[in-house]
Amino acid sequence: MRFSNVFCIGRNYANHAAELGNELPSMPMVFSKPTHSLVRADGKVITYPANMGDIHHELEIVLYIGKHVSEKFQVDDVVTKMALGVDLTLRDVQTDLKKKGHPWLLAKGFKNAAVVTDFWDFPGTAACADEIFSLERGGKVIQKGNIQSMIFNFHEVIDYIQKNFGLNEGDIIYTGTPEGVGPIADGEKYELKWGEKVKGSFVVKQR
Ligand code: ZN
């Protein structure tokens with residue numbers, strides 16, 4: 001699969017916004033990552049910088065847009081596939097950038113900052129609402145979520161991106177992380193799960 005644009009939604013779960021001391025957004029908070037930040041969670045070792053402060057894991061549902069999105073779209077028509085992803089964030093760098101009023105790109109768009117599993121056929125919004133997604137580290141659940149806790153639902157997120165940036169076949173959207181974000185460390189193994197199914201995994205190497 002080839003991807004065009006990588007859009008991401010910040011602060012889309014209230015408990016996550018609260019854990020970082022952020023206010024709830026009144027409209028979707030959108031940023032993007034370069035496609036070079038994408039890396040497959042296929043069990044491999046992935047390298048991250050060791051000297052740029054904390055790197056936080058953010059587990060997210062990733063939607064694949066398989067059709068041009070027009071004004072009157074249905075989510076279940078335009079989203080054809082989905083995956084799980086981890087939006088890696090250089091948290092200390094981000095805090096510094098925020099203070100200076102600078103863009104987040106360095107904190108969010110670095111190499112390997114967008115981990116993603118293989119995509120599978122989108123089961124529909126209703127089916128997603130019935131499923132828990134989770135991130136395990138060394139066999140222990142550290143993040144779990146359900147789309148019913150989203151501040152902006154799939155339709156609102158897609159509508160906002162379509163209106164402001166355009167959305168077309170090949171674009172993907174990281175839809176925001178539930179609470180439980182925290183730092184990664186060298187040697188740790190992460191598994192991304194949809195219900196009971198492991199959809200992808202990776203091992204962290206820092207240097
Ligand atoms: Zn995120």
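The values are calculated or read from the model by the stated rules, or taken from the named source; none is laboratory data. These numbers were taken from a predicted model, which means no experiment stands behind them. When we count neighbours, we look across all protein chains shown, and the Cβ atoms used for this are built from the backbone with ideal geometry, even at glycine. Ligands, DNA and RNA are stripped out before the accessible areas are found, and what is left, the full protein with its side chains, is counted by its heavy atoms. Shrake-Rupley method; radii C 1.70, N 1.55, O 1.52, S 1.80 Å.
Give me the strands (runs of 3 or more DSSP E) completely within region 118-207, filtered to those with at least 3 residues that are touching a Leu at 6+ places or on another chain (Cβ under 8 Å), ordered by residue number.
Here the list reads 133-137, 140-145, 189-194, 197-206.
Cβ-Cβ distance below 8 Å, separation of 6 or more or different chains: which pairs start in region 165-177 with a residue that is open to solvent by 10 Å² or more (accessible area, probe 1.4 Å) and at pLDDT 95 or above and end on one that is within 16 Å of the ligand (Cβ to nearest atom) and assigned to a loop (DSSP other than H, G, I, E, B)?
As it stands, the answer is Phe165/Asn5, since those pairs meet every condition given.
Among the residues in region 101-111, are any open to solvent by less than 30 Å² (accessible area, probe 1.4 Å), aliphatic (A, V, I, L, M) and not in a helix (DSSP H, G or I)?
no
Of the residues that sit in region 125-152 and are modelled with pLDDT of 95 or more and closer than 19 Å to Ala185 by Cβ, which one is most open to solvent (accessible area, probe 1.4 Å)?
It comes out as Lys140.
For every residue, the table says whether it meets (1) open to solvent by 50 Å² or more (accessible area, probe 1.4 Å); (2) over 17 Å from the mean Cα position of the chain (by Cα); (3) farther than 18 Å from Asp171 by Cα; (4) not hydrophobic (A, V, I, L, M, F, W, C).
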{"position": "Asp42", "(1), (2), (3), (4)": "yes, no, yes, yes"}
{"position": "Lys67", "(1), (2), (3), (4)": "yes, yes, no, yes"}
{"position": "Met82", "(1), (2), (3), (4)": "no, no, no, no"}
{"position": "Thr89", "(1), (2), (3), (4)": "no, no, yes, yes"}
{"position": "Asp96", "(1), (2), (3), (4)": "yes, yes, yes, yes"}
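In the list Asn22, Asn51, Asn15, which residue meets the criterion of being open to solvent by 70 Å² or more (accessible area, probe 1.4 Å) and within 16 Å of the ligand (Cβ to nearest atom)?
Of the residues listed, the single one that is open to solvent by 70 Å² or more (accessible area, probe 1.4 Å) and within 16 Å of the ligand (Cβ to nearest atom) is Asn15.
State all residues of region 61-100 that are modelled with pLDDT of 95 or more, among the small types (Gly, Ala, Ser) and more than 15 Å from the ligand (Cβ to nearest atom); if no residue qualifies, say none.
Gly66
Look through region 74-131, keep the residues that are free of Cβ contacts under 8 Å to residues at least 40 places away in the same chain and among the acidic types (Asp, Glu), and return whichever of them is nearest to Pro183 (Cα to Cα).
Among residues in region 74-131 that are free of Cβ contacts under 8 Å to residues at least 40 places away in the same chain and among the acidic types (Asp, Glu), the one nearest to Pro183 (Cα to Cα) is Asp96.
Just to be sure, is Glu58 open to solvent by 50 Å² or more (accessible area, probe 1.4 Å) and within 14 Å of the ligand (Cβ to nearest atom)?
no
Would you confirm whether or not region 153-163 contains a residue that is under 18 Å from Val69 (Cα atoms), open to solvent by less than 10 Å² (accessible area, probe 1.4 Å), away from the ligand (no atom under 16 Å from the Cβ) and of a type outside the set (Val, Ile, Thr)?
No, because not a single residue in region 153-163 is under 18 Å from Val69 (Cα atoms), open to solvent by less than 10 Å² (accessible area, probe 1.4 Å), away from the ligand (no atom under 16 Å from the Cβ) and of a type outside the set (Val, Ile, Thr).
Which of the residues that make up region 182-207 are within 16 Å of the ligand (Cβ to nearest atom) and open to solvent by 20 Å² or more (accessible area, probe 1.4 Å)?
Pro183
Against the conditions (1) touching a Ser or Thr at 6+ places or on another chain (Cβ under 8 Å); (2) within 27 Å of Arg137 (Cβ to Cβ), where does Trp120 fall short? Just the number, please.
The single condition Trp120 does not satisfy is (1).
Is there a residue being of a type in the set (Lys, Arg) and under 14 Å from the mean Cα position of the chain (by Cα) anywhere in region 124-137?
Within region 124-137, not a single residue is of a type in the set (Lys, Arg) and under 14 Å from the mean Cα position of the chain (by Cα).
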